[in-house]
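Structure first, then comments.
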Amino acid sequence: MARERGVSGWHAMRKEELILALMKEVRDARRSGRKPAHPTGNGDSKSAAGGPQTARTLVEERIRQLRAEVETNKSLACDPKNGNSKAMKDRLVVMVRDPYWLHAFWELSPKSIQRAQTAMGQHWHAAQPTLRLLRLLRDGSLSLEREIAIHGGVNHWYVDVDQPPSEFRLEIGYLYGDQQFHCLARSNTVATPQAGTSDSVDANWASVAKNADRIFAMSGGYSHRGTSRELQELLEERLKRPLGTPMQTRYGGGATKAPGNHAELPFAVDAELVVYGVSHPRAHVTIQGEPVQVKPDGGFAVRVHLSERRQVIPIVASSGDGVEQRTVLLAVERNTKALEPQVRSPGE
């Protein structure tokens, strides 16, 4: 618009400067009594029939559009059209996707954003929507890892983390002023698993439904500490089914049969130990005396049956010329105990 209306120096201006220059061009045209340059640039009286009022209307309309875009990018509120706004509550939920990725999902009401705007006052215009990543330390305190700039129009974000296993928590809000943070919601605490001890979740990040039980488990759903109620509610709302063990979510076979008539539940458990490491690509590596294939990058991995006893597993690496040899002893113990079965009746 600035180029077509003959505004000089438009190519070096920022968006805000362009808008002011366009408005000034309209005001100058009205004062001098001339018609502002028409967007077509041909000066045709027919195409410029609207005069200064038409040009001013176009500029004001464009300003309204730009302001709407800015507000959309800044507002973290959920669109009421996409859900039940009456039942909406502010929440930030974090799920563990694998040892190095977290998936954050939030729901924030428009009223919460309005309250934040009022609280920040004049700082609102420069406020930046932000996710804050906090690491839970061993002493129970929280350490700020980093602040992640986000934008409105979305309700989820993927956050990369490091040093697994670690515990994390997220906060969502606005960063403004001199590094001040207005918090809108805090998430549950999650623990990432040890790297290499579990398969990564499906590469398709949108397949939450397909991997919901795995995500629920990695986010602490089946641990003694359990996961947050917000995460469980979120997944159950989206999947339309309960999550957790059958003893927690629904009756098992004992609910539909009389006591003593239920079929015995088959259940057998075994265990393997995965031993992995890295050495020289041309090294000769053995585990319990058996040779192990070493990959071109020097890595190796082998599954070892974990017997019902204490055992010492020697891992030996020898250099290709046989001059140097290094040994690591891995001591492990397996002690498996089967508890008495429990059968629940419908009245329990």
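The values are calculated or read from the model by the stated rules, or taken from the named source; none is laboratory data. For clarity, every value in this text was computed on a predicted model and none was experimentally measured. Reconstructed Cβ throughout: ideal geometry from the backbone, glycine too, with neighbour counts over all protein chains shown.
Some values worked out for this structure:
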quantity	calculated
Some residue of the stretch 87-106 being at pLDDT below 85, surrounded by fewer than 12 Cβ atoms within 10 Å (Cβ to Cβ) and either assigned by TED's automatic domain parsing to the domain that holds Glu16 or more than 17 Å from the chain's Cα centre (by Cα) (or both)	yes
The stretch 109-145, subset free of Cβ contacts under 8 Å to residues at least 24 places away in the same chain and part of a strand (DSSP E or B), residue surrounded by the most Cβ atoms within 10 Å (Cβ to Cβ)	Glu145
Gly289 more than 25 Å from Asp270 (Cα to Cα) and either among the small types (Gly, Ala, Ser) or modelled with pLDDT under 95 (or both)	no
Residue list for the stretch 107-117, filter: of a type in the set (S, T, N, Q) and within 20 Å of the chain's Cα centre (by Cα)	Ser109
When residues of the stretch 2-31 are limited to those that are in a loop (DSSP other than H, G, I, E, B) and in contact with a Phe, Trp or Tyr (Cβ under 9 Å, 6 or more places away or on another chain), the one farthest from Arg56 (Cα to Cα)	Arg3
Of all residues making up the stretch 304-320, the number that are surrounded by 11 or more Cβ atoms within 10 Å (Cβ to Cβ) and not in a loop (DSSP other than H, G, I, E, B)	8
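Matching residues to (1) within 29 Å of Val269 (Cβ to Cβ); (2) aliphatic (A, V, I, L, M):
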| site | (1), (2) |
| --- | --- |
| Val285 | no, yes |
| Lys295 | no, no |
| Gly298 | no, no |
| Ser307 | yes, no |
| Val312 | yes, yes |
| Ile315 | yes, yes |
| Ser319 | no, no |
| Glu324 | no, no |
| Leu330 | yes, yes |
